[in-house]
Amino acid sequence: MERQIRYQREADLEWAHQFTKHPGCERLLSCIQCGTCSGTCPLSIYMDLTPRQVIALVREGFREDVLRSQTIWLCASCYACSVECPQKVSITDIMYRLKREAIRSNLYPKRFPIPVLAREFCDMVRQRGRNSEFWVVFRMAMRSNPKILLSMARTGWELWRKGRLSLRRERIQRINELQYIPATSKEVD
Amino acid sequence: MSEKKNGQVRIGVYICHCGANIADTVDVKAVAEYAATLPGVVIARDYKYMCSDPGQELIQQDIEEHQINRVVVAACSPSLHEHTFRGAAERAGLNPFFVQMVNIREHDSWVHTEREAATVKAKDLVRAAVQRVYFHKPLEKRRVPIHPEVLVVGGGIAGIHAALTVANSGKKVYLVEREATIGGHMAQYDKTFPTLDCAACILTPKMSAVKAHPNIVLWTYSEVVSVDGSVGDYKVVVKRKPRYIREDLCVGCLQCIDACVFKEPKFDDEFNLGLSKRKPIYIPFPQATPKVVVIDPEACIQLRTGKCKRSCLEACVERGAIDFEQKETYEEIHVGSIIIATGFKTFDPRRLPQYGYGRYPNVYTTLEVERLVNASGPTSGQVITRDGRVPKSVGIILCVGSRDENTNRWCSRVCCMTSLKLAHLIKEHTGAEVYIFYIDMRAAGKGYEEFYQRVLNEGVHFVRGRVAEITDWALDPSEEGKLVARVEDTNTGFVRRIPLDMVVLAVGLEPQFDAHEVQRMFGISCSLDGFFLEKHPKLAPAPTYTDGIFIAGLCHGPKDIPDTVMQAGYAAAEAIALADTGYFELEPNTAYVVEEECSGCKSCVPLCPYQAITFKEDKQKAFINEVLCKGCGTCVAACPSGSIRQNLFEDEEIFSEIEGVLAYA
Amino acid sequence: MEPSARYLYYPGCSLKGTGIAYEESLLTTFRLLEMPVKELPDWNCCGATTYMSVSETSATLLAARNLALARQTGSKDLIAPCNACYLTLRKSQRLVADYPQIAQETERFLEQAGLPRLDSVRVRHPLEVLYNDVGIQRLRELTVRRLQGVRMASYYGCQAVRPYGEVDDPHEPTRMDEILRAVGVEVVGYNLKTKCCGGPLTGTIHDVGVRLNYILLKEAMRLGAQAMVTICPLCQFNLDAYQAEIRKQTGEPIDMPILYLTQVVGWALGGDYRELGLHRAISGRKLLEQWFTVRKEAETYV
Ligand SMILES: Cc1cc2nc3c(=O)[nH]c(=O)nc-3n(C[C@H](O)[C@H](O)[C@H](O)COP(=O)(O)OP(=O)(O)OC[C@H]3O[C@@H](n4cnc5c(N)ncnc54)[C@H](O)[C@@H]3O)c2cc1C
Ligand code: SF4
Ligand code: SF4
Ligand code: SF4
Ligand code: SF4
Ligand code: SF4
Ligand code: SF4
């Protein structure tokens, strides 16, 4: 049987303390654990942790539990929770920050398509300045679960017939300007 | 300078240790030694607790033995002990306004950590006070007489209790209520938590007692329209709206209502929150006090068009109480003090559209359900939904319009208990499954936790989570025809969908819609949340910053009936004490106009926040009413010719104080 | 520099691909309103929600480049039709305004890239431009044909009305309904107006994404809507592209046209089928052809 206990030494209090200093995360400490965020979230029913639990875990410093969760990746950034929260906690921004940190510390669920898509997307934008929907999806699928492509074939065909699917790889002219955008930003340690 | 005028000045300086509070940070000995070197200082001492009896005796002794005639006490804030030290001086025969306090605790030892710097600061402040006190003049406190009559505004349980208490002490009370009856919100309830006493059974005897009391003048359907004067003598004008019924003639037989040409009630009944209808001529509820009918001029055909058969008149022909010519009248009264008890309004849940109030007929507020469960309510106590069904499942959502940055930040304090009460009553009336959606269960009060236990044991479901939305959309066959609450049940960790026949919103308590006008008219203040502000949150929760005006009940902030009654009793006691003392002592730090210098420009007149300045047309000079002046200093600074002065803040006093602070030691 | 048009237009990646009908109908509508718009030259991807998940600063810098380019043109209003672009551009403006360290990074980047410093470019959404700058009254006057007896549900998607926008009320938005009524469309009281369509989820966790869209479509049907009107290319795509799959999975007879607001308005103003991109729809084609005038030669696609 698995041990279901948390020792206080597993809690990273310094991390929790620093967390609330980041842009958008300031009101985390006001959370009253009411669950409005989870009730409002269209995706909470698929999540391993509800958004409210994420907030509670961050507050208590259980860093790995949140960074390894699927929840942060399922969050579609719809901001519904942030608008409804009675304490004006920007849950969406907190989710964003956790995603970034999960990528940096390599703790995100492997082969889970969403973080893979995120990286493919960013690579393409950095290299070309624009994203080409077809190529991003193609590369994401190849790197996570190629079966996705099969299920999308029919839709792809429909789109192509209607002139809505371009195979061109877009690129901006002054691509050199993008070289000054740092590859990994400094704001995450 | 005016040295001669002050004769031989002999100053005593006293530095307080306040235990370790000051002495730990400030070198009190050094300050005392320094003070002894200042011009005019005859004696300088330090002592452990200056405010203790021996501390005060020290001052008294020095006054008597060393002929000290000015006193500087360097201790805590004057708001705490100025009174104490002035008293000590007075007992030793010195005019109390020869005492000056220096705050070396809140302004120094408590806010600094560096001993040396804090000591320097203490010396600077003491030097300033010594230089200032040099110029102090003897002042006299003035007394104003107190009219013994008391005005109570608002006839809810707070106003009723306050009025009865004052009246029982033998003083005359005017009780002014805006609605056609007294009783306030409490009259609308069926039972009261936590004892489940019948609200009417405990309230209506007090209502009748008000009506019958020889010392109470009850004016319902009336409003205060202006307030002038100050503590001891407030001149108040009350508007009495026409109810088109002669109160002295109506006996409350209600035959006119039966006789009205409207055979069926057609207009929304305000007392039942629109859950039932009434006629143009009506009585709010059977035990209304006074038991006198009212005619609604918006609804009555005669008053609207002048063309009605007026069958009501015929029914009342013997007594002749109906009077379509009635006009509003104004009464002017003089009272010594005022108790404001104007109560609250409930939060309008339309502001939270996710709960569907106003969109789905079966969404109610707690106040509406109070009427539904009431045996004399619109459904005679049957809990049936607007579409005529007895609900099998009922959900009560807590904290609606409370604890929410988007609406109101405060906890409304009574809605957890109200919801427990209604859960119990609904279950008792219908046998329905009842769900309480709560964030925190607040049941602090005598017998409250026990009541919570009782409701827990009755099998009410307690779902810990704030409902995200109410929808009428069924995702599952079991949800067809129902309202569905979507909520994270934080106890179990599931997001749940719970089908309900009836949703009850435990709406929060808010300041009255006209709280700001009332606040301005009576010259009191509001706290940030809009409720009236008390003088001190712990030690003076019924007095206000305006002398002679007290607040009681919900108008001061959310509270239950027991707390309301306690505060009302306390406000009444203060009003009685004031009246029994017979006078009120005014601080002498008032402003005055030096007439010869006043140029008659009138700049000061509109500036005074207390309306203390009038303009004497005959002399063409401004005049300041000492009784009204609060010593704020606004006019003193504003007068372009510098002709307004202020006691205790004379130019020479202030300038020498400033020089004292700046002369770096 | 050429004289500046009042409105600049930031298409974003989708309007050049799956959302091309949005671009076509938007340009047509604004042409018919005699409010020409000019495409922002050499714009780059806004970063959407995805870039924010990898780096907040970099996402802000991407947006900043577009805002700086807009400033170079001298126009004050930058129309961003895609909800994600709209939100991302506005959010980055807010981050720059609220957080000095982000503002510093941004300034440094713009300097290195030889771009002007940020100025007060106003990021606008076409819905809000139609509502505020054109106005309900004028839309009503300019309407040349009405869709008689067609009921539609207006759907905003999530990001347009959320914290950074000024498109409409975040709880109970009503402006799209008003616009639709002004051009003669009947609207149903749709409660899921701002519920999320899942965004890229249909591509990543496919079944979850499709289920969200099923719920949105089903509710619109239940309320008697015959079509849904969107203002975001991703919403339109998600609702439009998977109806066949939903039919197969649930057996529900869903085949509902998913329109862009600019298609409905453009048509009312006199635009034609093809220039409004109506021929690019996947679902509800029969109804579309029945409602909107079809020219014979428009039958061949691509
Ligand atoms: C749904 C609900 C259920 C509750 N149940 C309970 C319970 O079971 N037990 C309990 O202890 N507490 C209960 N409470 C709390 C209780 O209602 C209050 O504590 C109590 O009513 C406060 O009394 P009040 O006199 O201060 O205010 P109110 O009852 O609001 O009375 C104020 C009166 O002043 C009048 N007025 C207002 N403005 C003016 C004006 N400008 N001029 C003249 N008159 C004016 C009003 O017409 C009214 O008559 C409940 C509250 C709610 C909302
Ligand atoms: S809605 Fe806000 S206050 Fe409530 S649990 Fe979520 S983050 Fe906390
Ligand atoms: S922003 Fe993310 S967590 Fe919040 S409601 Fe949307 S999907 Fe859920
Ligand atoms: S005048 Fe007519 S309408 Fe008015 S109360 Fe009398 S009978 Fe009723
Ligand atoms: S008393 Fe209870 S229901 Fe009312 S605001 Fe406070 S916690 Fe919420
Ligand atoms: S402002 Fe001064 S000069 Fe003018 S009327 Fe008042 S007191 Fe007189
Ligand atoms: S000191 Fe203040 S209160 Fe007194 S008269 Fe002047 S302005 Fe009025």
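FYI, it's all coordinate maths here, none of it is from the lab. It should be emphasised that the depicted structure is a prediction, and the values quoted were computed from it without experimental measurement. Glycine also receives a Cβ, built like all others from the backbone with ideal geometry; neighbour counts cover every protein chain displayed.
Rounded to the nearest 5, the antiparallel percentage of DSSP beta bridges internal to the protein assembly as shown is 45%. Taking the Cα centre of the protein assembly as shown as origin and assigning +1 to Lys and Arg Cβ atoms and -1 to Asp and Glu Cβ atoms, the resulting dipole is close to 4180 debye.
With the charge dipole of the stretch A:113-188 set up from +1 on Lys and Arg Cβ and -1 on Asp and Glu Cβ about the Cα centre, the Cα lying farthest toward the positive end among the listed residues A:P115, A:I175, A:W135 is that of A:W135.
If the reach is capped at under 16 angstrom between alpha carbons, list the aspartates and glutamates near B:K171, excluding any in the same chain fewer than eight residues apart. Straight-line reach from B:K171, under 16 Å: B:E149, B:D233, B:E574, B:D580. Expressed as a whole percent, the proportion of Cα-Cα pairs in the protein assembly as shown lying more than 54 Å apart is 41%. Taking 7 Å steps out from each Cα toward its Cβ at B:R409 and B:L662 produces label points 3.9 nm apart.
Could you tell me which GluC sites (Glu not before Pro) in the stretch C:137-222 are loop residues by DSSP with no more than 14 other beta carbons within 10 angstrom of their beta carbon? Those that pass, being in a loop and sparsely packed, are C:E166. Annotation for the stretch B:80-111 versus the stretch B:505-560: alpha-carbon center distance of 32 Å.
Sites listed here are GluC sites (Glu not before Pro) in the stretch A:1-34 whose DSSP assignment is loop and whose Cβ has at most 13 other Cβ atoms within 10 Å: A:E2. Under a GNM of chain A (C-alpha, springs under 10 Å), which listed residue has the highest mean-square fluctuation: A:M142, A:M124, A:M152? Largest GNM mean-square fluctuation: A:M152. Given R0 = 35 Å, the distance between the Cβ atoms of B:T305 and B:K277 translates into a calculated FRET efficiency of 0.95. Neighbours of B:D233 by Cβ distance under 12 Å: Lys/Arg scored +1, Asp/Glu scored -1, total -2. Within the same chain, aspartates and glutamates fewer than 8 places from B:K206 are excluded, and of the rest, those with a Cα less than 18 Å from its Cα are B:E177, B:E179, B:D190, B:D197, B:D560, B:D563. Summing Cβ point charges (Lys, Arg +1; Asp, Glu -1) relative to the Cα centre of the stretch B:197-267 gives a dipole of roughly 180 debye. Near C:G271, no amide H atom lies under 5 Å from its own; only residues 5 or more places off or on other chains count, and H is placed 1.01 Å from N. Sort the stretch A:113-188 into rounded, prolate or oblate with this rule: let a ≥ b ≥ c be the square roots of the eigenvalues of the Cα gyration tensor; rounded if a/c is under 1.5, and if a/c is not under 1.5, prolate when a/b is larger than b/c, oblate otherwise. Taking the square roots of the gyration eigenvalues as a ≥ b ≥ c, the stretch A:113-188 is oblate.
Mean residue ellipticity, 222 nm, helices only, chain A: the sum of -39500 (n - 2.57) across DSSP H runs of n ≥ 4, divided by residue count and rounded to 500, is -14000 deg cm²/dmol. Under the classification rounded if a/c is under 1.5, otherwise prolate if a/b is larger than b/c and oblate if not, where does the stretch C:157-240 fall, given a ≥ b ≥ c as square roots of the Cα gyration tensor eigenvalues? Oblate.
Evaluated over the stretch C:183-301, the count of Lys pairs having alpha-carbon atoms less than 17 Å apart is 4 (only pairs 8 or more residues apart or interchain). Coupling constants for the stretch B:420-437 follow from the phi torsions by the Karplus curve (6.51 cos²θ - 1.76 cosθ + 1.60, θ = phi - 60°), and in residue order they are 4, 4, 5, 4, 4, 5, 5, 4, 5, 7, 10, x, 5, 6, 10, 10, 10, 9 Hz; glycine and proline get x.
Can you tell which of C:E111, C:E39, C:E23 shows the greatest fluctuation in a Gaussian network model of chain C with Cα springs below 10 Å? Comparing C:E111, C:E39, C:E23 in the GNM, the peak value goes to C:E111. A helix-only calculation puts chain B at -8000 deg cm²/dmol for mean residue ellipticity at 222 nm, using -39500 (n - 2.57) for each DSSP H run of at least four residues, averaged over all residues. Sequence-ordered 3J(HN,Hα) estimates for the stretch C:16-28 from the Karplus curve with 6.51, -1.76 and 1.60 and θ = phi - 60° stand at 9, x, 4, x, 4, 5, 5, 4, 4, 6, 5, 5, 5 Hz, glycine and proline given as x. By the helix-only formula, in which each DSSP H run with n ≥ 4 contributes -39500 (n - 2.57) and the sum is divided by residues, chain C has a 222 nm mean residue ellipticity of -13500 deg cm²/dmol. Taking chain A as a whole, the Cys residues whose C-beta sits 4.7 Å or farther from every other Cys C-beta are A:C25, A:C31, A:C34, A:C41, A:C75, A:C85, A:C122.
From the alpha carbon centroid of the stretch B:614-665 to that of the stretch C:18-82 is 63 Å.
If the limit is 19 Å between Cα atoms, which of B:K241/B:K327; B:K345/B:K392; B:K172/B:K211 go over it? Beyond 19 Å between Cα atoms: B:K345/B:K392. Determine the shape class of the stretch B:347-509: with a ≥ b ≥ c the square roots of the Cα gyration tensor eigenvalues, call it rounded for a/c under 1.5, and otherwise prolate if a/b is greater than b/c, oblate otherwise. Cα axes put the stretch B:347-509 in the rounded bin.
Taking +1 at the Cβ of each Lys and Arg and -1 at the Cβ of each Asp and Glu, which of B:T329, B:L203, B:I257 sits farthest along the dipole of chain B towards its positive end, judged by Cα position relative to the Cα centre? Projecting each Cα onto the dipole axis, the largest value belongs to B:I257.
What net charge do the residues around C:A241 carry, taking every other residue with its C-beta under 15 Å from that of C:A241, with Lys and Arg at +1 and Asp and Glu at -1? Once positives and negatives cancel, what remains is +3.
Between B:V72, B:A35, B:N95, the Cα set farthest toward the positive side of the dipole of the stretch B:2-141 (charges on each charged residue's Cβ, about the Cα centre) is that of B:N95.
A simple spin-label model places the labels of C:A244 and B:D233 9.4 nm from each other, with each point 7 Å out along Cα-to-Cβ. Under 10 Å, Cα contacts only: if you run a Gaussian network model on chain C, which one of C:V188, C:V167, C:V264 comes out with the highest mean-square fluctuation? Checking each option, the largest mean-square fluctuation is seen for C:V188. Remark on B:G343: its backbone amide H falls under 5 Å from those of B:L554, B:C555, a criterion applied only to residues 5 or more positions apart or on other chains, H modelled at 1.01 Å from N. The local environment of C:E34, defined by Cβ-Cβ distances under 15 Å, has a net charge of +2 under the rule Lys, Arg +1 and Asp, Glu -1. Taking every C-alpha pair closer than 8 Å and separated by at least 6 residues, the mean separation divided by the residue count of the stretch A:113-188 gives a relative contact order of 37 percent. Give the angle, between 0 and 90 degrees and rounded to the nearest 10, that separates the Cα long axis of helix C:83-98 from the longest principal axis of the Cα atoms of chain C. Between helix and principal axis, roughly 30 degrees. Placing +1 on the Cβ of every Lys and Arg and -1 on the Cβ of every Asp and Glu, with nothing else charged, gives chain A a dipole about its Cα centre of roughly 940 debye. Helix C:56-73 axis versus longest C-alpha principal axis of chain C: approximately 90°, rounded to the nearest ten.
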